[in-house]
Amino acid sequence: MSALFEDKNRKFIYVEIAFFQRWWRQQSEVMKAKVKELVNSGQLEFINGGMCMHDEATPHYIDLIDQTTLGHQFIKDEFGQLPRVGWQIDPFGHSSVQAYLLGAELGFDSLFFARIDYQDRAKRLREKSLEVIWQGSKSLGSTSQIFTGIFPRHYDPPDGFTFEINDVSPPIQDDILLFDYNVQERVNDFVAAALAQVNVTRTNHIMWLMGTDFRYQYANSWFRQMDKFIHYVNKDGRVNAFYSTPSIYTDAKYAADERWPLKTEDFFPYADHPNAYWTGYFTSRPAFKGYVRMISGYYLAARQLEFFKGRSASGPNTNKLADALAIAQHHDAVSGTERQHVAADYSLRLSIGYMEAEKLVASSLAFLAESGSSTRQEKTVTSFQQCPLLNISYCPPSEAILSDKKSLVIVVYNPLGWKREEVIRIPVSTEKVVVQDSSGREIESQLLPISSTTFNLRNKYVKAYLGRFPSETPRYWLAFSASIPPLGFSTYLVSSARQTGPSSTTSLVQTLEESTSNTIEVGQGSLKLLYSADVGKLTHYVNTRSLVTATIEQSYGYYSGNDGTDKDPQVASGAYVFRPNGTFPIKSENQVPLTFVRGPLLDEVHQQLNPWISQITRVYKGKEHAEVEFTIGPIPVDDGIGKEITTQITTTMRTNKTFYTDSNGRDFIKRIRDFRTDWDLQVNQPVAGNYYPINLGIYVQDNSSELSVLVDRSVGGSSLVDGQIELMLHRRLLHDDSRGVGEVLNETVCFSNGCEGLTIQGKYFVRIDHLGEGAKWRRTTGQEIYSPVLLAFTEQDGSNWMNSHTTTFSGIDPSYSLPDNVAIITLQELENGKVLLRLAHLYETEEDKDYSVVASVELKKLFPNKKISKVTELSLSANQERADMEKKRLVWKVAGAAEERKVARGGPVDPAKLVVELAPMEIRTFLIDLIHLQTFDS
């Protein structure tokens with residue numbers, strides 16, 4: 001700041017708002033006023049403006065939008081500014097969602113970054129194609145493209161021009177009386193570096209990035225040198241140098257009226273060296289990646305519930321969770337490339353935010369359950385408990401022994417805009433239970449055995465997290481089928497069964513040895529999985545409804561991590577880099593045979609492959625996909641070799657080297673093994689160089705069918721063999737890859753008696769469809785995985801609770817549900833009482849014959865009992881009106897662009913009809929003013 005105050009010609013850009021806020025909170029009012037003057041004059045400019053510079057491989061698009069919105073809101077509230085430029089200089093590869101969604105749809109005029117594949121950069125330098133027009137979405141085409149600049153080397157100045165106090169670049173010595181006077185020499189260096197860059201750039205404007213990591217701790221030494229260079233270089237006259245910002249540079253490029261090359265698709269994977277593919281981080285820290293994804297879905301639901309209750313100034317809110325989730329999207333956070341103590345800090349912040357939001361969720365559900373009920377007068381407030389450790393099967397309210405009088409009340413909330421049927425599973429301590437729905441009808445339920453892996457995990461980790469062993473020991477999983485209205489809840493009652501009446505069905509358990517036939521069939525509904533009794537393996541997939549049958553196998557393997565000591569020094573497999581040394585199948589060690597669990601709602605197959613890998617495959621009666629829950633760890637490293645654990649799903653499909661992976665959970669991008677669209681690939685790493693980030697799913701297809709796999713968190717994956725999909729699920733390594741972490745990726749968990757490698761539990765989902773029919777499942781189930789139902793528990797004495805409370809609720813008109821191709825991705829009451837609503841079309845153009853069409857949403861039906869007085873469409877980050885943003889949009893010329901088909905876009909919203917149209921892949925953001933027509937009795 002002092003350096004900027006000193007001279008009004010100097011300029012500086014600032015990017016990450018979470019860090020700016022920390023500084024801002026400590027400044028005096030006088031200082032704040034002076035900073036605002038710098039911002040208004042353009043000396044200090046906010047670029048990008050999200051809470052952090054987010055990663056592009058491993059976050060979900062909803063988190064990218066939320067974290068950017070939070071930063072843009074701060075900049076607008078404090079400074080009245082709208083950032084114009086995307087500045088993703090450090091992420092390790094770049095997604096197409098970044099280009100169109102977190103670029104063009106924010107109203108950005110340009111996007112800049114440094115890291116692209118070394119082979120790609122070499123070609124672009126030769127062809128002067130480092131600056132391009134990037135169309136990230138084939139559905140939105142030229143309506144959502146952005147001018148994109150890739151730096152010629154890295155995000156630092158040319159050699160010889162870094163000027164922190166201890167940097168080695170020679171400063172300009174312009175005192176003529178001193179022997180080291182060097183003005184002409186340094187001017188010549190500057191001009192030479194400038195001309196070298198002009199030779200790889202179109203137009204006569206170039207940008208120098210005067211800074212890099214950890215600089216400007218002493219800004220004066222930088223600015224003093226730059227002042228001198230500007231003075232003497234301009235006096236020399238060969239080039240013109242001046243202080244600038246990326247937005248000034250963008251305007252200069254635009255004014256040049258040049259035609260720019262077109263770029264489509266994305267910039268993955270990224271390699272900075274023949275043996276250094278940065279594809280390991282797609283999976284690094286899988287527990288943290290899973291936690292971020294779980295919290296993201298929870299945050300979305302919590303904001304809905306906060307809206308239904310009405311935001312309160314005093315009570316618990318979602319602000320802490322919003323902040324923690326925002327910085328967790330950083331390119332060294334959810335990416336898994338931070339040091340261990342930093343990862344622990346991110347997790348701690350998320351858990352503190354979660355605890356605050358958990359109180360909000362409980363109070364909102366209590367408010368909704370009590371509204372319109374007689375209990376209001378008695379002022380009883382329901383206290384709801386939730387089970388954040390249900391992932392390790394620990395849930396005290398459901399494990400409590402139920403007496404004759406007491407029953408467990410379960411409220412199941414559905415954050416999606418359509419009705420859904422889900423099988424709920426909770427641990428219980430007795431087999432004598434019955435489940436009733438809100439009308440008191442007994443519904444079918446099933447008891448399943450708890451596997452020994454689950455028990456071990458539960459006891460160890462509850463002790464590690466809570467400092468004590470669980471007091472109860474559950475005996476079973478209780479499963480029942482819940483039907484939940486859109487944006488609403490249903491209530492279920494679990495009570496102990498009377499000795500005479502019916503109770504929950506206990507599953508039939510059978511091991512492989514007990515089987516009489518050669519083939520064992522699993523599944524009570526349309527989907528059947530066939531296992532061979534001889535080899536104890538999955539062999540066939542049969543869907544009796546769609547008549548799909550396929551040969552299918554599932555297996556595990558691992559890559560041994562390279563230790564980086566070979567001829568090519570410094571490239572080990574590490575937090576960033578995936579560099580396998582060899583690939584090894586993990587054969588079942590057959591100590592424990594397969595166990596088959598059958599019942600009316602679902603069947604399970606339990607497999608223990610070896611002491612540290614087990615899995616449960618579930619087939620639900622009402623669903624047509626298989627769910628695989630894997631438990632991996634601790635990965636053994638006593639042999640001194642790091643390992644990266646993968647699973648393979650193998651079919652006989654002929655897929656011609658082609659597969660499809662998603663971009664941040666949105667568009668699917670076609671991948672071809674050992675091939676890049678933009679250059680002739682030299683294949684040095686046939687495995688790591690074909691890995692891509694997966695946030696939603698991956699699929700392969702041949703001329704008759706398609707195999708899809710969906711994931712519950714960000715992972716890396718590929719199709720390295722035709723007909724096969726591979727996912728990397730866990731990695732534990734013993735060498736650093738020398739890419740900046742300075743620490744090995746060797747996650748451990750400590751117990752009272754010592755530490756061991758981290759165990760991971762996660763899920764993926766598999767389905768095979770006829771060609772062209774898989775998108776419906778990927779999109780719908782993908783939404784359901786991202787937004788699981790939310791469970792809250794309380795108890796009732798006798799039958800008082802169900803009779804005196806609202807047991808079913810939907811936040812939208814009971815006769816309405818959203819179209820199957822649309823999701824509500826934001827429903828949030830803002831501090832000013834207005835409502836922020838975002839609607840997303842879930843399909844790409846031509847992705848599905850039924851759903852890749854314009855969809856309509858009736859806003860009046862989304863807000864029953866309220867009158868909409870005004871609807872304003874905003875930019876994606878909600879910091880400006882969409883119409884204003886469109887007016888300012890720069891229209892760039894594209895070299896050799898073919899005629900594109902007409903791109904569909906939803907039309908303006910008629911203030912009387914209030915119907916929103918969404919074209920494929922569109923996300924629309926609205927600010928809604930509401931008048932409440934009726935209030936609940938208070």
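Only one residue in 583, 647, 551, 652 is open to solvent by 20 Å² or more (accessible area, probe 1.4 Å) and within 30 Å of residue 275 (Cα to Cα). Which one?
Answer to the selection: 583.
So the check is Cβ under 7 Å with 6+ separation or different chains; which pairs have a first residue in region 751-771 that's more than 22 Å from residue 726 (Cβ to Cβ) and a second one that's part of a strand (DSSP E or B) and of a type in the set (A, V, I, L, M, F, W, C)?
So the pair list comes out as 755/749; 756/749; 770/548.
Residues in region 47-55: is at least one closer than 26 Å to residue 824 by Cβ, in a helix (DSSP H, G or I) and not polar (S, T, N, Q)?
Checked region 47-55: no residue is closer than 26 Å to residue 824 by Cβ, in a helix (DSSP H, G or I) and not polar (S, T, N, Q).
Which residues, counting only those in region 764-812, are among the hydroxyl-bearing types (Ser, Thr, Tyr) and not in a strand (DSSP E or B)?
780, 781, 786, 787, 799, 804, 806, 807 - these are the residues of region 764-812 that are among the hydroxyl-bearing types (Ser, Thr, Tyr) and not in a strand (DSSP E or B).
Residue 605 versus (1) among the β-branched types (Val, Ile, Thr); (2) under 28 Å from residue 780 (Cβ atoms); (3) modelled with pLDDT under 95: which is the lone unmet condition?
(3)
Restricting to region 884-900, and then to whatever is free of Cβ contacts under 8 Å to residues at least 40 places away in the same chain and either assigned to a loop (DSSP other than H, G, I, E, B) or in contact with an Asp or Glu (Cβ under 7 Å, 6 or more places away or on another chain) (or both), can you tell me which residue is most open to solvent (accessible area, probe 1.4 Å)?
Ranking the qualifying residues of region 884-900, first place goes to 899.
Here is a yes/no grid of residues against (1) in a helix (DSSP H, G or I); (2) modelled with pLDDT of 95 or more; (3) surrounded by fewer than 23 Cβ atoms within 10 Å (Cβ to Cβ):
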{"position": "306", "(1), (2), (3)": "yes, yes, no"}
{"position": "321", "(1), (2), (3)": "yes, yes, no"}
{"position": "334", "(1), (2), (3)": "no, yes, no"}
{"position": "344", "(1), (2), (3)": "yes, yes, yes"}
{"position": "355", "(1), (2), (3)": "yes, yes, yes"}
{"position": "362", "(1), (2), (3)": "yes, yes, yes"}
{"position": "365", "(1), (2), (3)": "yes, yes, no"}
{"position": "388", "(1), (2), (3)": "no, no, yes"}
{"position": "402", "(1), (2), (3)": "no, no, yes"}
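Return the only residue of 680, 667, 712 being surrounded by fewer than 24 Cβ atoms within 10 Å (Cβ to Cβ) and farther than 27 Å from residue 633 by Cα.
Result: 680 is the single residue among 680, 667, 712 that is surrounded by fewer than 24 Cβ atoms within 10 Å (Cβ to Cβ) and farther than 27 Å from residue 633 by Cα.
Would you please list the contacts, defined by Cβ atoms under 6 Å and residues six or more apart or on different chains, that run from a residue in region 844-865 that is over 30 Å from residue 670 (Cα atoms) to a residue that is assigned to a loop (DSSP other than H, G, I, E, B) and open to solvent by 70 Å² or more (accessible area, probe 1.4 Å)?
865/933; 865/934
Any residue in region 829-841 that's open to solvent by less than 50 Å² (accessible area, probe 1.4 Å): show its pairings with residues that are among the small types (Gly, Ala, Ser) at Cβ separation under 8 Å, as long as the two are six or more apart or on different chains.
The qualifying pairs are 829/310; 836/878; 839/823; 840/823; 841/855; 841/919.
Mind listing just one residue for me: the one in region 732-755 that is outside any loop (DSSP other than H, G, I, E, B) and touching a strand residue (DSSP E or B) at 6+ places or on another chain (Cβ under 6 Å) and, of those, most open to solvent (accessible area, probe 1.4 Å)?
Applying the filter and picking the extreme gives 755.
Scan region 244-279 for residues that are within 18 Å of residue 135 (Cβ to Cβ) and under 32 Å from the mean Cα position of the chain (by Cα) and jot them down.
250, 260, 261, 262, 263, 264, 265, 266, 267, 268
Could you tell me whether residue 383 is at positive phi, hydroxyl-bearing (Ser, Thr, Tyr) and modelled with pLDDT under 95?
no
Using beta carbons and a limit of 6 Å, which pairs, at least six apart or on different chains, have the first residue in region 799-820 and over 30 Å from residue 839 (Cα atoms) and the second one part of a helix (DSSP H, G or I)?
804/375; 805/369
Considering only region 188-213, how many residues are in a loop (DSSP other than H, G, I, E, B) and farther than 19 Å from residue 170 by Cα?
Selection size over region 188-213: 10.
Could you please give the count of residues in region 593-627 that are among the aliphatic types (A, V, I, L, M) and either closer than 30 Å to residue 736 by Cβ or surrounded by fewer than 20 Cβ atoms within 10 Å (Cβ to Cβ) (or both)?
2
Quick one: in region 766-776, of everything that is among the hydrophobic types (A, V, I, L, M, F, W, C) and surrounded by 23 or more Cβ atoms within 10 Å (Cβ to Cβ), which residue is farthest from residue 461 (Cα to Cα)?
If we take residues in region 766-776 being among the hydrophobic types (A, V, I, L, M, F, W, C) and surrounded by 23 or more Cβ atoms within 10 Å (Cβ to Cβ), then 775 is farthest from residue 461 (Cα to Cα).
Hey, can you tell me all the residues within region 563-584 that are free of Cβ contacts under 8 Å to residues at least 40 places away in the same chain and either among the aliphatic types (A, V, I, L, M) or in a loop (DSSP other than H, G, I, E, B) (or both)?
Once the filter is applied, which keeps residues that are free of Cβ contacts under 8 Å to residues at least 40 places away in the same chain and either among the aliphatic types (A, V, I, L, M) or in a loop (DSSP other than H, G, I, E, B) (or both), region 563-584 yields 565, 566, 567, 569.
The values are calculated or read from the model by the stated rules, or taken from the named source; none is laboratory data. Note that the structure is a prediction, hence the values are computed from the model and not measured. As a convention, Cβ positions derive from the backbone with ideal geometry for all residues, glycine included, and neighbour counts pool all protein chains shown. What goes into the accessible areas is simple: the full protein's heavy atoms, side chains included, and nothing from ligands, DNA or RNA. Shrake-Rupley method; radii C 1.70, N 1.55, O 1.52, S 1.80 Å.
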